[in-house]
Amino acid sequence: MTSVSSATAATNSSTTTSTATAGLAKNFSTFLTLLTTQLQNQDPLNPMDSNEFTSQLVQFAQVEQSINANSTLSNVLSALQGQATASAVGYIGKEVAVPTPTAAFDGTTPVTWQYAKDTASASTTLTIVDAKGQTVRSLTGTTAAGTTSYTWDGKDADGDVVDAGPYTLKITALDSAGKATETTISTMSLVTGVDSGGSAIELVTKNGNVAIDEVTKVASSD
């Protein structure tokens, strides 16, 4: 099931702008009524100081310009967010690399991890552990530098399919001196929706959400 969650920030901003504009209009109307009344009843021999109400008129104009500017900016941001969301929808149904070593195994579908090393290692060991930290399978990985994909069929060391649940890939890569080589791990995950409710648009997968700018690989789910 796919989904697209839209943000409410633009709507709230628009509502706030409308409220501010309505409030300004009401206050300005009241100000004009009072000003007109004062002018009509002023003492001809001691007229009102025009500088005061002129200053107030200028302040009203400045506030109005500020509200209009915010409204324009809100419209621009709303349009940009709409375009970004439409672009993100194109990821739905595709697999992306999510920066997490833990994958949700459904009991049937194989799990694909990617691990990357900046330098080659003398030895590389892949270990898959369950939610309790128990090892379910261990095997030898590639020693070459770069990014390598590994697809796990969901079976343990005895060839039996394990129960559905979260499984984590751990990698021990050592150089010729026995020192650990830095390795990053990601999980290939099917995109099922888009979440634009936060500060950044995120792709929704069963292995967690991921921001579009954090995606390092996109692949067809076929």
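Of note:
- Residue 214 - accessible surface, heavy atoms, 1.4 Å probe, Å² rounded to 10: 90
- Lysines whose Cα lies under 21 Å from that of residue 132, excluding same-chain neighbours fewer than 8 positions away: 155, 170, 206
- Computed in the context of the full set of protein chains, the accessible area of the range 104-222 at 1.4 Å probe radius has 47% of its extent on carbon or sulfur.
- Built amide H within the under 5 Å cut-off of residue 181, gap 5+: 173, 174, 175
- Under 16 Å from the residue 216 label point (7 Å along Cα→beta-carbon), backbone N, the range 151-166: 151
- Simple spin-label estimate for residue 145 and residue 59 in nanometres, 7 Å along Cα-Cβ: 6.6
- The residues of the range 106-222 present an accessible area of 54 Å² per residue when probed at 1.4 Å with all protein chains retained.
- Prolate/oblate/rounded call for the range 135-220, Cα gyration tensor, a/c under 1.5 rounded: oblate
The values are calculated or read from the model by the stated rules, or taken from the named source; none is laboratory data. Treat the numbers as computed from the prediction; the structure is a model and nothing was measured. Cβ: placed from backbone, ideal geometry, glycine included. Neighbour counts: every protein chain shown. When the accessible area is computed, the model is the full protein with side chains, heavy atoms only, and any ligands, DNA or RNA have been set aside. Shrake-Rupley method; radii C 1.70, N 1.55, O 1.52, S 1.80 Å.
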